[in-house]
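This report refers to the structure that appears directly beneath it.
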Amino acid sequence: MKKNQNESLENQDIEIRLLVDAIYQKYGYDFRNYSQAHVKRRILNRFNLSGMKNITDMIHESLANRKFVDQILMDLSITVTEMFRDPAFYKALREEIFPLLQSYPFIKIWHAGCSSGEEVYSMAILMKEEGLYERTQIYATDFNPVIIKQAKDGVYPLNRMKEFSVNYQKAGGKGSLSDYYTINSGDAKLLEILKKNIVFATHNLVTDSVFAEVNLVICRNVLIYFDRYLQDRVIKLFVDSLPEGGLLCLGSKENLQFSSHYHEFNPLIPKEKIYIRKYLL
Amino acid sequence: MTYRKQYKAVVAGASAGGLNALKTLFRGLDEQFDLPVIIVQHISPNAENYLIHILNEFHKLKVREADEKEVPQNGFAYLAPPNYHLLIEPDHTFTLTIDERVNYARPSIDVLFETAAEAYKDQLIGIILTGANNDGSKGLKKIKEFGGMAIVQDPETAEVDSMPKAAIQTTVVDYILNVEEIAALLNKLARG
Ligand SMILES: C[S@@+](CC[C@H](N)C(=O)[O-])C[C@H]1O[C@@H](n2cnc3c(N)ncnc32)[C@H](O)[C@@H]1O
């Protein structure tokens, strides 16, 4: 029985690799170096919901039906996010990082893997309150076109605002979060003035290249889904986007410790995973 | 049979009442116990990881939070961080994810056990301790299917018996023991 188990595991893994490969060849979305166990769980979830007989059927369906691929894309995206997620991180930005930026005539920020945008609007609010927003340009990118559309809209279910408000207060918010949105039939719509200096665009960290030099890269809770090889590749993108003294912010469970680019950064606020690009002498 | 030690890792899942059970388990382990112990204890999403501090006082095993991409080392125990699922990759490294809850839980015991079963196959020991739901049952079944060992805390001795009971109903487990006996058995298995 054990032997059968091992063999069917092997076969299943082969089928999943073929599916991932088919999606890459046909659509260019490259999940080949995402964390294997994670990709497998998500694909098997979809498989169980699909009612198909085997994973090979999913390959056929993916090649023939773009909608099905969009679904898989969603499954693999994990778009879970919130405003002021990890309030202590935003507090550190406000109290320790922004003072460093005060002297800059112009500030450029890249939110990579911004999902539906909550994190980006949090940043905009923070910068407004600290008087930095007017001279800031934010690039907010994600590879998932559906989620980027939602980010652009900036409309969130009203029932989430309570949780977001608590985060905002913990992050040292100076007013009330409700100052920044209007209510419309059960939804909260973030104010247009927050969007003024934000550009939302699709960008794939795996297959696209650097597009601008920025002072601050924020890429939180994205790298955890990548294997070490891919993490290294993406961190190289960030290295190439940041000048000396530029800042990189990762998610609370991510770190550069195992990266081959570790030596290019110094930890600035280790607890909040904020790193500074080293000055080369 | 060879004399090579069969087991490479231990996974354990606990929910309500878990702290006491884990303390007892750790207290019972040999000083030289050296298999990595990987643990999911259900815990509130915002909890500071006080569990780590407490458990560190109970044994020479060094207890810490599992980091992504880390390879489990002998002589260490790892706890899944609050609000993240902990997965084991085929190369045995840890992956952390925030996809949706499983059995209302994140971290979920099933997620750890199912991925660990595939990664360690017959070299894995799985343990279900006290708890108030049925998380871990499916995972323990999978560990058995891949030839690993399944151990469940005797429901009679558990602070909350639903989780051990559910596990016993789902799988023909190898041992049903109180926590002190589980520790003694682990010592024996680790010695090989
Ligand atoms: C868990 S969300 C993180 C959202 C936000 N940064 C936060 O921390 O709350 C992960 C996001 O990464 C995006 N993502 C995954 N792979 C990507 C890739 N190759 N390129 C760009 N974005 C990617 C997903 O679409 C998803 O929106």
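The values are calculated or read from the model by the stated rules, or taken from the named source; none is laboratory data. In this text the structure is predicted, and so the values were computed from the model without any measurement. Neighbour counts run over all protein chains shown; Cβ positions are idealised from the backbone, glycine included.
Summed over the range A:170-186, residues that are surrounded by fewer than 17 Cβ atoms within 10 Å (Cβ to Cβ) and free of Cβ contacts under 8 Å to residues at least 40 places away in the same chain total 8.
The residues on offer are B:Ile168, B:Ile143, and the sole one that is in contact with a strand residue (DSSP E or B) (Cβ under 6 Å, 6 or more places away or on another chain), more than 14 Å from chain A (Cβ to nearest Cβ), over 21 Å from B:Gly28 (Cβ atoms) and assigned to a helix (DSSP H, G or I) is B:Ile168. Quick check: is even one residue across the range B:66-78 within 24 Å of A:Leu250 (Cβ to Cβ), in contact (Cβ under 8 Å) with a residue 40 or more places away in the chain and within 9 Å of chain A (Cβ to nearest Cβ)? For the range B:66-78, residues within 24 Å of A:Leu250 (Cβ to Cβ), in contact (Cβ under 8 Å) with a residue 40 or more places away in the chain and within 9 Å of chain A (Cβ to nearest Cβ): absent. Taking the criterion of being more than 14 Å from the ligand (Cβ to nearest atom) and outside the structural domain of A:Ser178 (by TED's automatic domain parsing), would at least one residue in the range A:29-39 satisfy it? Checked against the condition, which is being more than 14 Å from the ligand (Cβ to nearest atom) and outside the structural domain of A:Ser178 (by TED's automatic domain parsing), the range A:29-39 yields at least one hit. A single member of B:Leu79, B:Leu61 is modelled with pLDDT under 90, within 15 Å of the chain's Cα centre (by Cα) and under 24 Å from B:Met149 (Cα atoms), and it is B:Leu61. Filter the range A:27-40 down to the residues that are among the charged types (D, E, K, R) and surrounded by fewer than 21 Cβ atoms within 10 Å (Cβ to Cβ), then identify the one that is nearest to the other protein chains (Cβ to nearest Cβ). My answer is A:Arg32. Just to be sure before I move on: is B:Arg106 within 16 Å of the ligand (Cβ to nearest atom), under 15 Å from the mean Cα position of the chain (by Cα) and farther than 24 Å from B:Ala190 by Cβ in the structure I sent? Yes: the conditions hold for B:Arg106. Note on the range A:94-122: residues that are assigned to a loop (DSSP other than H, G, I, E, B), under 25 Å from A:Arg233 (Cα atoms) and of a type outside the set (Gly, Ala, Ser) total 1.
Just one of the numbered conditions (1) modelled with pLDDT under 95; (2) within 14 Å of the ligand (Cβ to nearest atom) is not true of A:Ser103: (2). Restricting attention to the range A:146-169, the residues that are touching a Leu at 6+ places or on another chain (Cβ under 7 Å), touching a residue at least 40 places away in the same chain (Cβ under 8 Å) and either exposed (fewer than 14 other Cβ atoms within 10 Å of the Cβ) or of a type outside the set (A, V, I, L, M, F, W, C) (or both) add up to 2.
Take A:Asp75 and decide whether it is of a type outside the set (A, V, I, L, M, F, W, C), within 14 Å of the ligand (Cβ to nearest atom) and surrounded by fewer than 16 Cβ atoms within 10 Å (Cβ to Cβ). For A:Asp75, the condition - of a type outside the set (A, V, I, L, M, F, W, C), within 14 Å of the ligand (Cβ to nearest atom) and surrounded by fewer than 16 Cβ atoms within 10 Å (Cβ to Cβ) - is not met.
Just give me the residues in the range A:1-26 being within 14 Å of another protein chain (Cβ to nearest Cβ) and touching a Phe, Trp or Tyr at 6+ places or on another chain (Cβ under 6 Å), in sequence order. The answer is A:Gln5, and nothing else.
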